[in-house]
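The values are calculated or read from the model by the stated rules, or taken from the named source; none is laboratory data. A quick note: this is a predicted structure, and the numbers were derived from the prediction, not measured. No Cβ is skipped: glycine too gets one built from the backbone with ideal geometry, and neighbour counts run over all protein chains shown. With ligands, DNA and RNA removed, areas are computed over all heavy atoms of the protein, side chains included. Shrake-Rupley method; radii C 1.70, N 1.55, O 1.52, S 1.80 Å.
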Amino acid sequence: MKTSICTLLISLLGLVAFAQQDQNQTDLDALYQAIQKMPSYKKLLKGDASYQRLYEEVKEKVKNADEKTTFKQLSRLIYPINDNHLGFYRTPDSTLKAAYVTLPINIDSLRKQLAQKDKNELEGIYYMGDYEFGLYTADQQHYKLVLLKNGILMSEIIKTPYGGYDCVQYGGRNVPYQLIKNVRLINGVLIGTPFVKSKEKRFSTLAKSAENFEYRPINDETGYLRLSSFNADNANIKKSEEFYKTIDGRLASKYLIVDLRNNTGGAYKTSQKFINLFKKYKGKIFILQNAQTVSNAEQVIIGLKGQKNIVTLGEQSKGMITFGSNYGKIILLPSGRFTFYPTDMEGIDKELAYESRGVNPDVLLDPYKSDWIEQTLEYIKKTP
């Protein structure tokens, strides 16, 4: 009797292991096929034998792997693609628990080591609210970010083949792990994450407003135009058109500050009319940008760079520019555990040069000194 029960248990465990292996392989193949259909893959990696070898390596790694390990391994198929509109995450599920792991590290020793790092180094001490975190090198290709209170692993950061960094972040409610593309340190902010290197008040970030568009005069010579979204949904397009009618032909100030900070991007359906307006503007234009200036907002800046009456100010933009998605389609992998957000737009070589690197401003502004509009007005005073 005991022998029969043991045999049954072994058989059941074998079936569970086989089912796990089978769903991991099925998810891997579905993701691999979806990636190969994307314009970004075809432009950047099609025919690359090393990518096929990567697939074979991941195939071996996901055999009998648990869900979290499988996610990390599947993410490796996305790292080599220099396309920052891509998304990959654990499918939201309210029954899931946070995927926290505590690492066996000497916290006091790590804190002392990281306190000596330069403010511009990726490694160092970071903050989120009242919590303190340490980001350190694990090996030549990997970094880890831990909560310095107890050593809980919050993120793993991976060097990409094109000189950038991608991040697997843990612990989100309902989404215990997700892939964040293009994580970089810009002026003390680990962009794409909530982690910062300083608790000082920052003036680089633009406060969120209820409306995406605003115009107001600052003084007799200077106007201020805020464009916070080029989203191409019908509601935003309509609002942008209504707003545009209120300023078209009425901007006559000597100087115009155009604020593209925190502009979430969108499409030329919304932004092109503003581009046309800037190109025919007779005065001098000063464009504000920051690390949250993304996608179509970055395309607008690239398209205007070099125009004699335009100066860009601020900090490096995010570097999430080319490719993108026309339709916003998501793909639920067969097991239902993981969701992939692919892109479907062709990449433009001129824009690809800025992907993962961002667009540098003509003039750097200090994120801690004072309000960036005030800093821009100071710069304008020096303008001939």
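Each row is one residue, and each column tells you yes or no for (1) more than 15 Å from the chain's Cα centre (by Cα); (2) of a type in the set (Ser, Thr, Tyr); (3) open to solvent by 10 Å² or more (accessible area, probe 1.4 Å).
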site: Gln141; (1), (2), (3): yes, no, yes
site: Leu147; (1), (2), (3): yes, no, yes
site: Ile157; (1), (2), (3): no, no, no
site: Tyr162; (1), (2), (3): yes, yes, yes
site: Tyr165; (1), (2), (3): no, yes, yes
site: Val189; (1), (2), (3): no, no, yes
site: Ser198; (1), (2), (3): yes, yes, yes
site: Arg202; (1), (2), (3): yes, no, yes
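Evaluate region 323-340: report whether one residue or more is at pLDDT 95 or above and part of a helix (DSSP H, G or I).
Here is the first cut: in region 323-340, the residues at pLDDT 95 or above are 330-340.
From what is left, the residues that are part of a helix (DSSP H, G or I) are none.
No, because not a single residue in region 323-340 is at pLDDT 95 or above and part of a helix (DSSP H, G or I).
Counting just the residues of region 327-341 that are of a type outside the set (Gly, Ala, Ser) and open to solvent by less than 30 Å² (accessible area, probe 1.4 Å), which one comes out farthest from Leu31 (Cα to Cα)? Working first, answer last.
We begin by selecting, within region 327-341, every residue of a type outside the set (Gly, Ala, Ser); these are 327, 329-334, 337-341.
Pick out the ones that are also open to solvent by less than 30 Å² (accessible area, probe 1.4 Å) and you get 333, 337-340.
On the way: Leu333: 7, Arg337: 12, Phe338: 10, Thr339: 9, Phe340: 8 Å.
Per the criteria, the residue is Arg337.
Let me confirm something: among Leu251, Leu206, Leu227, which residue is more than 29 Å from Gly328 (Cα to Cα) and hydrophobic (A, V, I, L, M, F, W, C)?
Leu251
Open to solvent by less than 10 Å² (accessible area, probe 1.4 Å) and touching a residue at least 40 places away in the same chain (Cβ under 8 Å): does that describe Tyr255? So that I can check it myself, show each step before the final result.
Numbers: open to solvent by less than 10 Å² (accessible area, probe 1.4 Å): no; touching a residue at least 40 places away in the same chain (Cβ under 8 Å): yes.
No; evaluated as a whole, the condition is false for this residue.
Can you find a residue that is in contact (Cβ under 8 Å) with a residue 24 or more places away in the chain, open to solvent by less than 20 Å² (accessible area, probe 1.4 Å) and of a type in the set (Phe, Trp, Tyr) anywhere in region 259-278? Full working, then the answer.
Start the filter on region 259-278 by keeping residues that are in contact (Cβ under 8 Å) with a residue 24 or more places away in the chain, which leaves 259-271, 273-275, 277-278.
Checking the rest, the ones that are also open to solvent by less than 20 Å² (accessible area, probe 1.4 Å) come to 259-261, 263, 265, 270-271, 274-275, 277-278.
Those left that are additionally of a type in the set (Phe, Trp, Tyr): 274, 278.
Checked against the condition, which is being in contact (Cβ under 8 Å) with a residue 24 or more places away in the chain, open to solvent by less than 20 Å² (accessible area, probe 1.4 Å) and of a type in the set (Phe, Trp, Tyr), region 259-278 yields at least one hit.
Applying the selection to region 99-123, what residues are open to solvent by less than 60 Å² (accessible area, probe 1.4 Å) and free of Cβ contacts under 8 Å to residues at least 40 places away in the same chain?
Answer for region 99-123, where residues must be open to solvent by less than 60 Å² (accessible area, probe 1.4 Å) and free of Cβ contacts under 8 Å to residues at least 40 places away in the same chain: Leu110, Leu114, Glu123.
Would you tally the residues in region 279-322 being in a loop (DSSP other than H, G, I, E, B) and crowded, with 17+ Cβ neighbours inside 10 Å?
15
Please specify each residue of region 221-236 satisfying the condition of being touching a residue at least 12 places away in the same chain (Cβ under 8 Å) and either in a strand (DSSP E or B) or open to solvent by 60 Å² or more (accessible area, probe 1.4 Å) (or both). I'd like the intermediate steps shown before the answer.
Residues of region 221-236 that are touching a residue at least 12 places away in the same chain (Cβ under 8 Å), as a first pass: 221-232, 236.
Hits for region 221-236 are Glu221, Thr222, Gly223, Tyr224, Leu225, Arg226, Leu227, Phe230, Asn231.
How many residues does region 65-98 contain that are farther than 13 Å from Leu28 by Cβ and surrounded by fewer than 17 Cβ atoms within 10 Å (Cβ to Cβ)?
Of the residues in that region, 9 qualify.
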